[in-house]
Amino acid sequence: MQKTELTPGQKARLDIREGQHTGLTHGLARGYVQCNLVILRKALAFDFLLYYQRNQRACPILEVTDPGNSEAKQTAPGADLRIDLPRYAVYR
């Protein structure tokens with residue numbers, strides 16, 4: 001598939017993967033949903049999911065992947081969450 005045939009979301013992810021975009025992603029794929037990514041240890045994941053399910057209006061969950069799976073199959077098929085994001089903020 002050529003870049004001209006990609007959706008704006010796919011093109012944005014490809015540009016990030018290829019290092020052509022390294023900045024903020026706000027407005028990068030207009031008309032497509034943009035969200036935050038949260039990665040947690042399995043021991044904390046259930047409590048986090050429960051919190052968000054109880055606060056769906058303020059904190060909607062778009063997808064939950066299985067442990068070790070880096071593809072968001074429903075919301076971004078073919079994407080690799082390890083490399084298709086330009087930056088990470090790590091909180092400990």
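The values are calculated or read from the model by the stated rules, or taken from the named source; none is laboratory data. Just so it is clear, the structure is predicted and the values come from calculations on it, not from any experiment. A quick note on method: Cβ atoms are made from the backbone with ideal geometry, for glycine too, and the neighbour counts reach across all protein chains shown.
Close Cβ contacts (under 8 Å, 6 or more residues apart or on different chains) running from residues in segment 57-85 that are basic (Lys, Arg) to residues that are in a loop (DSSP other than H, G, I, E, B) comprise 73/63; 73/65; 82/70. Here residue 45 clears all of (1) closer than 17 Å to residue 17 by Cα; (2) at pLDDT 90 or above; (3) among the aliphatic types (A, V, I, L, M) except the condition numbered (1).
Whether any residue in segment 52-73 is assigned to a loop (DSSP other than H, G, I, E, B), closer than 18 Å to residue 15 by Cβ and within 11 Å of the chain's Cα centre (by Cα) is what I want to check. Yes, segment 52-73 has at least one match. For residue 17, the criteria (1) touching an Asp or Glu at 6+ places or on another chain (Cβ under 6 Å); (2) at pLDDT below 90 hold in every case but one, which is (2).
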